[in-house]
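Q: After the structure tokens below, expect a handful of questions from me.
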Amino acid sequence: MLTQFPIWLNATHFLNALLLVLLVRSGVQVLSSYPFLHLREESDPNHLTIKFGKLRPPAPGQPMTSLKQELFPSPWLALPGGHQLGLGRHWHLVSALLWVVTGSAYVVLLFLSGQWRRLVPTSPEIFPRALQDLTTYLQFRLAEPPPGLPYNGLQQLTYFAVVFLLAPLLIITGAGMSPALSSRFPRLVSLLGGTQKARTMHFAGLLAFIGFTIGHLALVLIHGAAKELGTVTLGRQGADPGLAIAITLAGLAVIAAVAVLSTVLSRRHPRATQRGIGLVLDPLQSWLTHRVTSYEQLPSDQITRHFWVNGNPPQDPEYERLGKDGFRDWRLEVGGLVDRPRSLSLTDLRGRPMVSQVTRHRCIQGWSGIARWTGVPISDLLDLVGAHESARYVVFHAFDDKDRTEPDPGGGFYYEALTIEEARQSHVLLALEMGDEPLTVDHGAPARLRIGNQLGFKMVKWVTRIEVRAEIASLGQGQGGWREDRMYYGFHAGI
Ligand SMILES: Nc1nc2c(c(=O)[nH]1)N[C@H]1C(S)=C(S)[C@@H](COP(=O)(O)O)O[C@H]1N2
Ligand SMILES: [Mo]
């Protein structure tokens, strides 16, 4: 009986609607943190770009940093609204995960139950039928489905396209933005035309979903809400219309309640939200950053010209003094749970085996840039000092005191931690050069971290000290990094 829907179909339809509301609102939050969409693989807001705001000039004496470009959307529009990219991403990723699980269950049940016949066109005759239906609607008449089927040609074709084309496009373009996945499968990213095109297509997918939803709701109303809602809620056209409308309103109330609760929870209890959602995301993220290593080695002709800066350089007389003579007196301390703590000069570091990689940097905000980086693998330094067996984390401490360089939110020196397994991967370098030149101050002189399969905020610039530790709970606010502590970012940054 194809005109009667089994209950799992109504249930997955409802979950899908609920999750899409979370996805769209948190997606707006993520987009706002870098309100530009690029039409080619170059995050240059002055070139081939769709802008949702004006490019804002830097503060006097500061570089043009990407954080300065963030928009702070209203909580009525975005989840959770305001200055909360970290939590917006948590919501986006956890709803995306649940959405993929729901969608997969739906597709499996569709094929097991034979219900796929309603959706999947089996003959090319669907195209003229859909066109016929469209002209019927345009003449303000109802296009009825063929006898024994629930949908007319136009409905069948659009539903099919949404489930089997649009949803996969959103998943693939989403994966194309993940540093772990896109550096493991560089071919997938080239196929999409690069990270920035993936991001732009992801946004186009959102617009398509919104367009579809509006059309879909309009047709339900035009075809007769009472009759159609019987199918939507109870799976039968003959269902009691009063009951169907009551169930629909209850469903909408649940969606609205989730929208309000997720926003209020995130704003009142940001740490609890970060940790609660982290319980679901952390295992996946940790699996990605531990197991899915970077295979990225891009050709030199893909190197991008525009490379954003993020994070204001240290405002520290000591740093300035060291910089004056090319960091000759600068020393990198490597210590903690190690047998032979060392204090290394730039010359010492240059004497270690150096590795060169052309890789893509992906900032959590959304921009990306490709450069050649040259430096010493962290694993080499860990071996040099003899990191203990009991060590679990490697912490990178920086020169920039955020109370001076980013007073909102401030909170001490920048640092980020990696698990020792992450730090030992071959694509993790202490970079000394960018584009075959010593690092500039903006990009982290004299030494900064480079990680092939994680987001940019992990890649500490202006490194002063590497500390091998057994735990990170007693460091800062205990979340494993300054941005995790202060901006509620996730600890593993593979997505
Ligand atoms: N010490 C320090 N390192 C930092 C930051 C910072 O604020 N301070 N910002 C991080 C972020 S969010 C990004 S995206 C990259 C940017 O690197 P770039 O400025 O070389 O492009 O640096 C990371 N390293
Ligand atoms: Mo970033």
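Q: If you roll a 1.4 Å probe over the heavy atoms of the protein chains, what accessible area per residue do you get for region 11-99, in Å²? All intermediate terms of the calculation are to be shown ahead of the outcome.
A: Working: 3770 Å² over 89 residues.
For region 11-99, the per-residue accessible area is 42 Å².
Q: Another question, then. Report the full-extension gain for the segment His223 to His388: residue separation times 0.36 nm, less the Cα-Cα distance, to one decimal in nm.
A: Values: separation 165, 0.36 × 165 = 59.40 nm, distance 7.00 nm.
Here the segment from His223 to His388 would lengthen by 52.4 nm.
Q: Further question: Counting helices only, and only those DSSP H runs with n ≥ 4, report the 222 nm mean residue ellipticity of the chain as the sum of -39,500 (n - 2.57) divided by its residues, in deg cm²/dmol to the nearest 500.
A: Values: 18 runs with 227 residues, N = 495.
So the calculated ellipticity at 222 nm is -14500 deg cm²/dmol.
Q: For His290 and Ser123, calculate 0.36 nm times their separation in residues minus their Cα-Cα distance, and state this gained length in nm to one decimal. Mind showing how you got there, number by number?
A: Details: separation 167, 0.36 × 167 = 60.12 nm, distance 4.61 nm.
Working it through step by step, the gained length comes to 55.5 nm.
Q: Can you tell me how much longer the chain between Ala473 and Phe111 gets when fully stretched, taken as 0.36 nm per residue apart minus their C-alpha distance, in nm with one decimal? Walk me through the numbers on the way to the answer.
A: Details: separation 362, 0.36 × 362 = 130.32 nm, distance 4.77 nm.
Between Ala473 and Phe111, full extension yields an extra 125.5 nm.
Q: OK, next. Would you calculate the separation in nanometres between label points at Glu333 and Leu142, each defined as 7 Å from the Cα along the Cα-to-beta-carbon direction?
A: 7.8
Q: Could you size up the charge dipole of the chain around its Cα centre, putting +1 on the beta carbon of Lys and Arg and -1 on that of Asp and Glu, and report it in debye to the nearest 20?
A: Numbers: 46 positive and 39 negative charges, 162 e Å.
The dipole of the chain has a size of about 780 debye.
Q: For region 187-318, what is the charge dipole size about the Cα centre, in debye to the nearest 20, if Lys and Arg each add +1 at the Cβ and Asp and Glu each add -1 at the Cβ?
A: Values: 11 positive and 7 negative charges, 40 e Å.
That gives region 187-318 a dipole magnitude of about 200 debye.
Q: Another one. Using a 1.4 Å probe, what is the accessible area per residue for region 176-306, in Å²?
A: 53
Q: For the charge dipole of region 97-247, defined by +1 on Lys and Arg C-beta atoms and -1 on Asp and Glu C-beta atoms about the Cα centroid, which residue among Ala244, Leu181, Gln139 has the Cα displaced farthest towards the positive pole?
A: Leu181
Q: Read phi for every residue in region 109-122 and hand back ³J(HN,Hα) as whole Hz from Karplus 6.51 cos²θ - 1.76 cosθ + 1.60, θ = phi - 60°, with x for Gly and Pro.
A: Running phi through 6.51 cos²θ - 1.76 cosθ + 1.60 with θ = phi - 60° gives 5, 4, 7, 5, 8, x, 5, 4, 4, 5, 9, 7, x, 10 Hz.
Q: Continuing with this model, one more query. Within straight cross-link reach of Lys402, meaning Cα distance under 16 Å, which lysines are found once same-chain residues fewer than 8 apart are removed?
A: Cross-link targets: Lys68, Lys458, Lys461.
Q: Among rounded, prolate and oblate, which fits region 153-280 when a ≥ b ≥ c are the square roots of the eigenvalues of its C-alpha gyration tensor, a/c under 1.5 means rounded, and a/b larger than b/c means prolate?
A: Numbers: a/c = 3.05, a/b = 1.38, b/c = 2.21.
Oblate.
Q: Based on the mean of other beta carbon atoms within 10 Å per residue, what is the order of 284-294, 427-437, most packed first?
A: Values: 284-294: 17.9, 427-437: 20.4.
In descending order of packing, they fall as 427-437, 284-294.
Q: Now for a separate question. Leaving out same-chain residues fewer than 8 places away, which aspartates and glutamates sit with a Cα under 19 Å from that of Lys197?
A: Within reach: Glu41, Glu42, Asp44, Glu296, Asp301.
The values are calculated or read from the model by the stated rules, or taken from the named source; none is laboratory data. The shown structure was predicted, so the numbers you read here are calculated from the model rather than taken from an experiment. Backbone-built Cβ (ideal geometry, glycine too); neighbour counts: all protein chains shown. The area values use the complete protein model at the heavy-atom level, side chains included, leaving out ligands, DNA and RNA. Shrake-Rupley method; radii C 1.70, N 1.55, O 1.52, S 1.80 Å.
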